[in-house]
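A.B. asks: The structure is given below, and queries will be raised subsequently.
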Amino acid sequence: MGCQASREEIPFNKRYLDKWLEITRTLQALKPRSKDLYQLHSQIQSSVEQELLTYKELESKKDKTFKKIIQLMEENENLSSYVNALKLKSNDSTEIASEEFDELSLEFNNTAREKLYYESGEEEIILYNALTISTYKINQHLLKSFSNWKFFSAKFPRLQKNEESAVVIVKKLKEFEEQSLLDINELIKKAKQKEQKNAKPLDLVYTFKFLEKLMDDKFGEDQKFIAEGKMPRDLSEFLIEKTFARYDTEDLGYKFLNQLVSALHNLYKMSQVYGILFCRLLNLYHEKPIPYRLAIYITQARVYFQQLKQLKPADETPGSPLKGFLEDSYGGESLLSDVIELVELLFKEDHICGAKILEKCRPSNIEEGEYFLYIICNKFYSANIDIDDWVENLEFGDTVHYSTFIKKLKKIDAFVDEEMIIKILDGVFTNNTIKKSDLCDLLDTEKYIDGYTNPRYFINKASFVNAIISVYDEIWIDKGAKIYTGFKSREDKNGLISERAFIEACFELELSIPRYEIENLYREAAAEDGITGDVAYSQVVKRLQYGAFNVFKMPDFENFANDTKERKTMMGDIRPSLSSISLSLSRLTV
């Protein structure tokens with residue numbers, strides 16, 4: 001076997017080391033802007049750098065083993081001649097490099113190679129071969145990874161362009177659906193049947209009390225319908241039925257609807273946050289009405305929040321009626337710590353989504369650093385983790401490296417995005433390290449003091465529900481674009497999708513629709529030769545109703561409130577104080 005052929009099969013240390021160093025430099029020079037491509041880029045670069053370290057360690061072991069093999073060969077009279085021959089062929093007549101040994105030893109006959117294996121020391125030669133195979137496998141792994149990255153980076157601009165176009169299309173389709181919800185609103189139609197232009201709007205205090213009771217009743221009916229395998233009614237239909245069942249005469253029912261619609265219109269014009277939320281739920285006035293499935297979800301999530309409201313300690317200080325009205329006008333309040341635990345429960349299947357919701361729940365009067373560090377500290381508290389022990393076990397010595405802290409913090413499972421952690425800890429670590437004593441001080445759960453009584457640390461229901469809606473919309477646009485692109489990419493040359501391609505697309509897109517329903521969706525819309533990607537998308541959207549995401553589903557809440565209440569009683573109602581966290585941050589970043 002010649003040297004040229006062997007170069008394709010056997011790794012040579014310096015040549016591969018130089019190649020991977022060059023690839024690392026290439027990756028550093030090609031920082032992509034796209035988030036998806038950037039993540040892939042980071043994974044490959046991290047892999048290259050880590051594998052290079054492993055490669056160098058293996059090469060060091062291999063060189064030491066190789067020198068021992070050469071020494072054994074020189075001491076063996078049957079093998080010393082081969083060593084001399086290798087030295088003559090090598091670049092250095094006094095020393096042989098391991099890569100030259102790999103290449104040149106192939107030129108000797110099999111008998112010589114067998115002698116080399118069995119007479120130079122079996123243990124060393126086996127180790128040497130294992131190290132050679134390991135470095136070769138690393139090389140193959142990196143080649144494949146970098147090849148995938150190059151392929152994706154070349155293909156991504158077109159994929160990105162297609163998806164960007166899909167985002168625009170999906171947004172327009174969503175706007176069309178939203179306008180349809182406004183146009184066909186049954187509540188407006190019903191009120192206009194006997195419109196009373198001079199009808200006095202309902203009192204605002206009564207309006208909020210009525211709407212809260214309405215949502216409680218709606219939740220009860222939804223639970224009953226779901227248990228019976230029925231689809232719940234939308235809120236407008238439920239409101240109309242309840243109104244006319246409540247009054248003795250039809251005229252009184254129409255009068256009440258006109259008064260309620262007028263009151264909601266006033267709240268909308270006042271930009272009152274909780275009033276606008278009800279307008280959206282009832283598909284009134286606001287340009288972003290809430291679709292059916294999301295409205296069902298919110299009806300349930302709202303009840304979960306109601307449970308937390310009951311756990312908030314009573315405010316024993318005397319207050320004016322205005323104070324009570326202001327709280328009611330935002331749906332009531334709950335402790336920030338309880339809201340964190342509720343979000344962790346609701347979105348335990350999707351922590352990224354949960355982290356986004358908590359981010360949007362942040363009160364405007366709390367700084368980002370305080371808020372997100374509070375979430376992290378609350379996780380330590382609720383998991384009953386001793387901070388001193390946790391920090392001490394991170395690393396040996398008196399300091400902790402940033403990478404170790406981040407790696408261990410991920411296992412705690414706090415609902416905080418990693419980018420946000422990097423942001424809030426900027427300046428806390430010096431040269432990527434922090435003293436353990438400072439880290440303990442930063443995360444000290446003993447400083448959980450006045451978060452139970454200070455209104456600054458409360459979250460109102462309107463903020464909580466609006467955060468869910470906002471994240472829901474973001475997810476739907478992103479998922480909708482992928483669904484649209486997924487179907488369009490499966491169109492044949494005639495612009496049509498076969499039933500098989502449609503079914504495959506639905507499963508690959510993880511739409512959570514049973515196969516028999518997928519088949520029915522296709523058959524409902526299919527022409528003789530197939531359907532277009534646009535029709536396929538419309539069929540799926542019709543089924544999903546802008547909302548059949550696995551992440552937006554209700555977990556078992558039966559024991560949540562009781563467990564929370566019991567834990568608070570046992571722990572003495574202690575919760576993290578944002579003021580103490582803020583003080584720790586400011587002291588460490590000075």
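The values are calculated or read from the model by the stated rules, or taken from the named source; none is laboratory data. Computed from a predicted structure; not experimentally measured. Reconstructed Cβ throughout: ideal geometry from the backbone, glycine too, with neighbour counts over all protein chains shown.
A.B. asks: How many residues are touching a Phe, Trp or Tyr at 6+ places or on another chain (Cβ under 9 Å), under 20 Å from Ile385 (Cβ atoms), assigned to a helix (DSSP H, G or I) and at pLDDT 80 or above if we restrict to the range 407-429?
C.D. replies: Number satisfying all stated conditions: 3.
A.B. asks: Related question: Among Leu311, Leu322, Leu335, which is the only one that is in contact with a strand residue (DSSP E or B) (Cβ under 8 Å, 6 or more places away or on another chain), over 15 Å from Ala462 (Cβ atoms) and modelled with pLDDT under 80?
C.D. replies: On the way: Leu322 fails: in contact with a strand residue (DSSP E or B) (Cβ under 8 Å, 6 or more places away or on another chain); Leu335 fails: modelled with pLDDT under 80.
Just a single option satisfies the conditions, and that option is Leu311.
A.B. asks: Which count do you get for residues in the range 377-396 that are among the aliphatic types (A, V, I, L, M) and either more than 22 Å from Ala355 (Cα to Cα) or at pLDDT 85 or above (or both)?
C.D. replies: Step one: list which residues in the range 377-396 are among the aliphatic types (A, V, I, L, M), which gives 383, 385, 387, 391, 394.
From what's left, either more than 22 Å from Ala355 (Cα to Cα) or at pLDDT 85 or above (or both): 387, 391, 394.
Matching residues across the range 377-396 total 3.
A.B. asks: Would you please list the contacts, defined by Cβ atoms under 8 Å and residues six or more apart or on different chains, that run from a residue in the range 411-437 that is over 14 Å from Tyr371 (Cα atoms) to a residue that is among the basic types (Lys, Arg)?
C.D. replies: From residues that are over 14 Å from Tyr371 (Cα atoms), the pairs are Ile412/Lys379; Asp413/Lys379; Glu418/Lys410.
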